[in-house]
Amino acid sequence: MPAPSQQSDVRGEGYALPPGFSLRETRADGSQEYFLNMGPQHPSTHGVLKLVVRLDGETVVEVVPHLGFIHRAIEKMGENETFVQYIHLTDRMDYLSSHINNLCVCMAIEKAMGIGVPERGEYIRVVVSELQRIQSHLLWWGAFGMDLGAVSAFLYGFKEREKITALFEELCGARLTMNFFRPGGSNADVPENFPARVKEILEDLKFSLDEFDVLVSKNPIIRERTLGVGALPRERAINYGCSGPVGRASGIDFDVRKHDPYSVYDRFQFDVPLGKHGDCYDRYMVRMQEMRESIRILEQAMASFPGGQYRSKEKPAYKVPAGSYYANVETARGLYATYMVSDNSFKPYRIKSRSPNLSNLSAINEMSQGGKIADLVAILSTLDLIIPDIDR
Amino acid sequence: MEGEMPQPAASAPDAGTPIMPGDGKPSLRRFLGDAVNMFKGMGVTFRYIRKPSRVVTREYPENRETLKFPERFRGQVIMPHDANGDHTCTACTLCEKACPNGSISILTTKNTASKRVLGAFVYRLSSCTLCNLCIEACPFDAIHMGAGFEMASYSREPLDLILNKKEGR
Amino acid sequence: MKAYAVNHPIGDMIRGMLPAPWAAAANGALAVGLIAGLVTVMAIFLIWLERKVCAHFQARLGPTRVGPFGLLQPIADAIKLLMKENLRPRGVDNLAYFLAPLLPITGSFLVLAVMPFDHDLQVVDLPAGVVYVVAVSGLGILGILIGGWGSNNKYSLLGSMRSGAQLFSYELSLVLCMLLIVMASGSASLREIVLAQQGTVLDWWIFKLPVAGLLAFALFMISSTAELNRGPLDLSEAESELTGGFHTEYAGISFSMFFLAEFVNMFASAGLGATFFLGGFLAPRFGVPPLDWALALLPGVVWFFVKVFALIFLYMWFRWTFPRLRIDHLLSLEWKFLLPVSLANLLLAATLITFKWMLP
């Protein structure tokens, strides 16, 4: 039997090996490895990520991610936009953490120009960031359920997320691409009924999280599918630069909110949940507990929600002095950082975003080797990748 | 944050111990506990089918009349006109400068008093990202974000809008 | 092998009017027509029911637009599927690719031929009906296997190989459950099995054999879910892993044949479950004279459908609650757990039957 690459004209498209990819020789028993293109259109890659998987039967031998299907050159575009205009582009990277991405750019500009934020503004930032984190995790929970075959979970997750999304719509007029934070605070004050709405959502959420636990967390099929699957040891996770829930599930006690506190996170009591083995189950449990920790933060913040100004005095134009500036935040997926270089003008000379998803994705080959295709799907799901954030 | 990664704190909650009935080894207790948990899971889905009031679906084209938008809803940009058909735009071009993608072009003209006034407020909806920056930039409250969201069209031409109804101020 | 007589009034009337060979042909044509009508109506109704039930499990409404309560939605879907081009991807094995969609629907069609819908409402009552059911339901597996093999797609191939492993394994515990019922009833004819359950509700095989009946019912439900390729055991389809499994490459009428067969199979399987465990077409009796009299007013065919739909709801409930198993877990569940339990259960049931340790 000729090698698959030579018969592409006979057997149709999709049989030519992707570049940089080779299969082992046919073995003595006549069996052969083969490759499978998962994506760019595949239900469980949640976007246009292409995974070229080398398979031995149903066992995964190697996974090679192919990126760039949704590359929009956001960083290059940023060089042609003013600092404030760049904020709205970060919505389109990790679209489930858009508030938090906005916040990171704002913090870098504030650092550069020495802009302070009033206390109410800081509280709004923390509350909105934590709501965003819960909203993102709820969507992840639903998608996780769907990837593992529990389709109802997908709708339940979205049903809860919708409440927070509706609140964001009242807060800033948008549901996904928020563009809400500005240097020195936010673009508007919270609506009058905001604290009451947050409390209502938190009460609903506590009930729903218990329901989610019964439906998915305690389900033995989920446990069998995730326990010990896709384990990533702590050292390897550090080497790959994994952060966020993926890193914490591997036992890296690193959370920007705790260890490099920004905004007013240092005023609140919360814990950083940690896993032990870095398998899919740990990643799942870390995220579930993170939602509960976020509820804790929100309850404390709403109890001491201050009055006053929501934004320090707005500048007519943001001319950033020459130099390089760095700010980092903890998004729902990990460490997000903005590094901007300014040449004392209204537009950045260079702006760079450090996205958590690219680093988290890089570990996928090591995690999924030796597992089944179904394990690869579970791993992809618990990595919680946002493809536009990988490509930018 | 310089230096090495912080070591796990003693107080950190543990997410690495699986929730499972029994002591983690295959046993009858674990089996029965798992079976009970599966039935409880079926109870969760059954609670939804029992209570039709938990349905969250809203049927869209039928409820178009009763759709409520939040005050700050960001739909397409509109220019409010008063009873006489006048707007408050002075053609200062601040919105044009604030727009990140060049969706707004202010074409000016001169009125009879040879004063620079607004000729046409060209708004290209097809390239607009609804980011709200032009509304923030406007010092005269001349433009707003409307509640329009049914913006689909078969070609690009209907998406190039002129927002002012008449020239000048 | 001689079939028992099925003496439905209409069949007898035709036999009285026509000479024997013509009457047999007319009755056969009538039966085929009725079964074909039932298959179509059931498939369309079950597709609607699945969508509605699934929607309400998920806090949604389901189809509402086409017809009252969206009842005509499956018909609209069917028209759409018929109008679509019947695609033939490059490099497929023509015979296998186009033959495969016909086999599952044929299998379920043939199973319905021995299904006792009422006392005398049955196409043919074979003395070895259970053996026949097991034999013809294998056609469905064959359809999935050659469809996945013939469509020149690695996802399809993976799906069909999975389903081959899965269906052949689960056939074992399914057959052992059926064997238990045959042993208890003393007959392999489906009608005889139903008639052996006459009496009160406690005489149904699910309750009559203490423990063994209930266990057999649970085993039947699990293994028939696997046989039906439905969630949580829908590994050959596995939407989130294999995009569509064995029917990834199918479109239009070929796809709709697979789709139809899935639902007709579910109906046939629930019918078998009702026949084996829930007294088939017999009205439930509780030993309370007025209540029993009232319940017996409804004809047997209504009771049959009530029981079938109860089981179908159970299948749907499973599907929309549980996540999917992994292929190796699925096989070890069968070979390490269900099969030994089925064998032990068979032994237990044999003991109970031998010593007459049954409910009165």
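Just so you know, all these numbers are worked out from the coordinates, no wet-lab data involved. Quick caveat: nothing in here was measured; it's all calculated off a predicted structure. We place every Cβ from the backbone using ideal geometry, glycine too, and count neighbours over all the protein chains shown.
Structure summary
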item	result
Hypothetical label at A:ARG296: residues of segment A:241-276 whose amide nitrogen lies under 16 Å (7 Å Cα-Cβ projection)	A:253-259, A:265-275
Dipole magnitude of chain C about its Cα centre (Cβ charges: Lys, Arg +1; Asp, Glu -1), debye to nearest 20	400 debye
Largest to smallest principal axis extent of the C-alpha atoms in segment A:74-391, angstrom	58, 41, 29
Spin-label pair C:TRP317/C:LEU298, simplified geometry with 7 Å Cα→Cβ offset, distance in nm	1.7 nm
Rg(Cα) / (2.2 N^0.38 Å) computed for chain B, rounded to two decimals	1.89
Fewest-first ranking of C:LEU174, C:LEU219, using other Cβ atoms within 10 Å as the exposure measure	C:LEU219, C:LEU174
Selection of GluC sites (Glu not before Pro), segment B:60-114, meeting DSSP coil and at most 13 other Cβ within 10 Å	B:GLU65, B:GLU71
Ranked list, fewest to most other Cβ atoms within 10 Å of each Cβ, for A:ASP375, C:ASP118, C:ASP292	C:ASP292, C:ASP118, A:ASP375
FRET E, pair C:LEU38, A:GLN41, Förster distance 35 Å, beta-carbon r, rounded to 0.05	0.35
Nitroxide proxy distance, nm - points 7 Å out along Cα→Cβ at C:VAL341 and B:ALA35	0.6 nm
Potential extension, B:LEU67-B:VAL55 segment - 0.36 nm per residue separation minus Cα distance	2.6 nm
Loop-resident sites, segment B:111-160, for trypsin sites (Lys or Arg not before Pro), counting at most 16 other Cβ within 10 Å (DSSP)	B:LYS115, B:ARG156
Whichever lysines have a C-alpha closer than 24 Å to that of A:LYS372, once near sequence neighbours (fewer than 8 apart) are set aside	A:LYS50, A:LYS218, A:LYS276, B:LYS25, C:LYS154, C:LYS336
Neighbourhood net charge (15 Å Cβ-Cβ; Lys/Arg +1, Asp/Glu -1) for B:GLU65	0
As computed over segment A:26-111, the Cα convex hull volume per residue (Å³)	129 Å³
Segment B:110-169 and segment A:210-285: distance between their alpha carbon centers, rounded to Å	48 Å
Sites A:GLU119 and B:ALA113 - FRET efficiency at Förster radius 51 Å, r taken between beta-carbons, to 0.05	0.55
Positive minus negative residues near A:ARG292 (Lys, Arg vs Asp, Glu; Cβ under 12 Å)	-3
Relative exposure of C:GLU241, A:GLU170, A:GLU314, C:GLU334, judged by other C-beta atoms within 10 Å (fewest first)	A:GLU314, A:GLU170, C:GLU334, C:GLU241
Net charge over other residues, Cβ less than 13 angstrom from the Cβ of A:ILE115 (K, R count +1; D, E count -1)	+3
Per-pair calculated FRET efficiency, R0 = 60 Å: A:VAL341 and C:LEU87 via Cβ, rounded to 0.05	0.65
Cα gyration tensor of segment B:77-162 - equivalent ellipsoid semi-axes, whole Å, descending	22, 14, 14
For chain C, diffusion coefficient by Stokes-Einstein and Kirkwood Rh (Cα), 37 °C, 0.692 mPa s, µm²/s	152 µm²/s
Globularity index of the protein assembly as shown, i.e. its alpha-carbon radius of gyration over 2.2 N^0.38 Å	1.10
Translational D in µm²/s for segment C:227-338 (Stokes-Einstein at 4 °C, 1.567 mPa s, Kirkwood Rh from C-alpha pairs)	79 µm²/s
Violating pairs (Cα-Cα greater than 18 angstrom) within the set A:LYS76/A:LYS347; A:LYS111/A:LYS352; A:LYS76/A:LYS111	A:LYS76/A:LYS111
Reachable lysines, given that their alpha-carbon falls under 24 Å from the alpha-carbon of B:LYS166 and they are not under 8 places away in the same chain	B:LYS97, B:LYS110, B:LYS115
Å³ per residue enclosed by the Cα convex hull of segment C:134-249	99 Å³
Overall Cα dimensions of segment A:250-380, principal axis frame, Å, largest first	57, 41, 21
222 nm mean residue ellipticity, helices alone, for chain B (DSSP H n ≥ 4; -39,500 (n - 2.57); rounded to 500)	-6000 deg cm²/dmol
Point-to-point label distance, B:ALA120-A:SER312, nm (Cα→Cβ direction, 7 Å offset)	4.4 nm
Neighbouring partner chain Cβ atoms per residue of C:298-307, average, 10 Å criterion	0
